[in-house]
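Inspection log for the structure reproduced underneath, given as structure tokens.
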Amino acid sequence: MRSPSVSRYAAGRLSPIRRIADLRRLRDEQFDVLVIGGGVTGAGAALDAASRGLSVALVEARDLAAGTSSRSSKLIHGGLRYLEQLELHLVHEALTERGLLTSRLAPHLVRPVPILVPLPAASPPARVWQRAYYGLGVAAYDVFAGVFGSGRGMPLHRHLTRDGARRLFPSLRADQIVGAIRYFDGQVDDARLVVNLARTAASLGAAVVTSARVTGFLREAREVVGVKVRDLESPDSPEFEVRARTVVAATGVWSDDMSRMLSDVGVRPGFRVRASKGVHLVVPRSAITGEAGLILRTPTSVLFVIPWGGHWIIGTTDTDWQLDRSHPAASARDIRYLLDQVNTVLDRPLTADDIEGVYAGLRPLLSGEADSTSKLSREHAVVEPMLGLLLVAGGKYTTYRVMAADVINRAVRRLGGPAQPSRTDQLPLLGADGFAAAWRDRLDIARRHGVTAGVIEHLLERYGTLTVHLLAMIEADPALATPLAGAPEYLAAEVAYAAQAEGALHLDDVLTRRTRISIETAHRGAETVTHAAAVMGDALGWDAAVRAREIEHYLARVEAERQSQKMPDDLTADAARLGVPDVRGYAADRGIDLLEVEL
């Protein structure tokens, strides 16, 4: 737990100095709970455990949200299609979490987005049936949110005629629809939510260390008592041991790897995880005229067209993936599929020339070892394949808090002592406290700090009430108020803040996750990378060699992704993407021995 003399914000800063201190803690302390994995479930588990007063550490091999948790459809949703499958418990659970996030936990990061369900052209009897069928489903969605949801936070649905639908979404082809139903779900910057979860856990005393790869488990007899870790920012340093009374693996599509580390004692995990690839396209807002999103049926998945600031996100696919899990590649086939599907309802078809960004993520879907133990793909499971080791997998982004609470409940029972219940449903994330008042007073804030209202709105929607710290940075160094080259909607201060407070260690962390420049610009960040390297280099003390190497790696990664997206299938796309090694492991060139910095 943090000292009462330290502010919540200061205790939650993931700064370079904090990383050094947390590395020392990993070596020196025994933790109640050690979480492996810095995605939404792992960060949520670390927060849940820390909020119960347990001593907690979180280690992540790459960056926070580097995998699936930064590559979603950016929705906090109940899963409208689960109603059709009569998975009412899943809808209930997800809508409850949606309400909590929008009203209490993260209102600065999760907000309503209108979505249209187009009603396709059909015969008069079919039209009546379709409107009644879809209308009943959306009405049930609202009922679940209103009756069961904790803090509704969303307007009710509404039926629209064809003309009404096209007023909201003029790009809809008139000959393809007879009307629509508008409903609301939540939208989120998924990577930013994970960063806030990790920082909130850190504010409660959790040690949070990225670029720390688990290479094996520590065992005493048939019990896991910790892990072996390699610090990828100091590749020449030896592995070290981290001791913990309970280890929680929240590793998503890497879950099976955790069990394989214990294969010498015949451990069976109790479930297996199948990776399903989901590809999304990003196109400029000008490419489609509309004030709401769309949800469409496709032969193999549900397709969303979601407004995203000055852009649209179009996705997703749903295909098996058995290749590189760290950097799943989108192929030309994936891109063509998405364009073909969305173009069935658009009056001006999109082409590859409209695409600004492409990203691919892997869903961790549960697949039981036998039919009798199979789980539905959107359910989650917690198992203890060996004493001291808990695995949590499955589920969906929206219900991360439920998964985290379930696995920590198991950990608490195992640890013994007083049973502290989860209280994360009452715990606002950093930046959430006072957000409504700050948003109300945004014009006054802008006048006081001499910036435009647009700048304040942008910062509030990304940092909430932590915006005051970015404004303080700008006052101390006015150069940080400069818009980033090639991405003028972002400020240089956001790069510096990512390095000084949000745990970003590399340019890729900033351009891909702390900001979304890599998918929101046609140049994929290539025109921004030099400016970002200058700002980040000043914040982290990079010398000229490190700045050049960071730029070189980022540009090579962008080019590899472009090449992969021209390949005809998964195999060739994966080969093209793997042409660039991971940047982590170059810290020896930083001109500073991190372990000798005095705290």
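Numbers for the structure displayed
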{"read-out": "Residue in region 534-551 that is of a type outside the set (A, V, I, L, M), under 24 Å from ALA332 (Cβ atoms) and touching a residue at least 12 places away in the same chain (Cβ under 8 Å) present", "value": "no"}
{"read-out": "Region 430-458, residues that are buried (at least 17 other Cβ atoms within 10 Å of the Cβ) and within 27 Å of SER51 (Cα to Cα)", "value": "LEU430, GLY431, ALA432, PHE435, ALA438"}
{"read-out": "Elements of type helices (runs of 4 or more DSSP H) in region 427-523, at least 2 residues being over 22 Å from PRO16 (Cα atoms)", "value": "435-440, 442-449, 453-463, 517-520"}
{"read-out": "Residue list for region 549-576, restricted to those being open to solvent by less than 60 Å² (accessible area, probe 1.4 Å) and of a type in the set (A, V, I, L, M, F, W, C)", "value": "ILE551, ALA556, VAL558, ALA560, MET567, ALA573, ALA576"}
{"read-out": "Single match in ALA180, ALA221, ALA244, ALA212 (criterion: of a type in the set (Gly, Ala, Ser), open to solvent by 10 Å² or more (accessible area, probe 1.4 Å) and more than 18 Å from the chain's Cα centre (by Cα))", "value": "ALA221"}
{"read-out": "Residue match in region 400-412 (condition: farther than 30 Å from VAL253 by Cβ and either open to solvent by 50 Å² or more (accessible area, probe 1.4 Å) or in contact with an Asp or Glu (Cβ under 9 Å, 6 or more places away or on another chain) (or both))", "value": "no"}
{"read-out": "Selection status of LEU197, open to solvent by 20 Å² or more (accessible area, probe 1.4 Å), in contact with a helix residue (DSSP H, G or I) (Cβ under 6 Å, 6 or more places away or on another chain) and at pLDDT 95 or above", "value": "no"}
{"read-out": "Subset of region 27-50 [in a helix (DSSP H, G or I) and surrounded by 24 or more Cβ atoms within 10 Å (Cβ to Cβ)]", "value": "VAL40, THR41, GLY42, ALA43, GLY44, ALA45, ALA46, LEU47, ASP48, ALA49, ALA50"}
{"read-out": "Of all residues in region 338-357 being touching a residue at least 24 places away in the same chain (Cβ under 8 Å) and open to solvent by 10 Å² or more (accessible area, probe 1.4 Å), the one that is nearest to the chain's Cα centre (by Cα)", "value": "GLU356"}
{"read-out": "Search result, residues across region 140-176 that are more than 16 Å from ALA292 (Cα to Cα), modelled with pLDDT of 80 or more and surrounded by 14 or more Cβ atoms within 10 Å (Cβ to Cβ)", "value": "ALA140, TYR141, ASP142, GLN176"}
{"read-out": "Residue list for region 248-300, restricted to those being surrounded by 19 or more Cβ atoms within 10 Å (Cβ to Cβ) and modelled with pLDDT under 80", "value": "SER259, LEU262, PRO269, PHE271"}
{"read-out": "Test set (1) touching a residue at least 60 places away in the same chain (Cβ under 8 Å); (2) touching a Gly at 6+ places or on another chain (Cβ under 8 Å); (3) on the phi > 0 side of the Ramachandran plot - GLY486 fails condition number", "value": "(1)"}
{"read-out": "Residue match in region 73-87 (condition: touching a residue at least 40 places away in the same chain (Cβ under 8 Å), open to solvent by 50 Å² or more (accessible area, probe 1.4 Å) and touching a helix residue (DSSP H, G or I) at 6+ places or on another chain (Cβ under 7 Å))", "value": "yes"}
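The values are calculated or read from the model by the stated rules, or taken from the named source; none is laboratory data. Computed from a prediction, not measured in an experiment: that's the story for all the values here. Neighbour counts run over all protein chains shown; Cβ positions are idealised from the backbone, glycine included. Note: areas computed on protein heavy atoms with side chains; ligands, DNA, RNA excluded. Shrake-Rupley method; radii C 1.70, N 1.55, O 1.52, S 1.80 Å.
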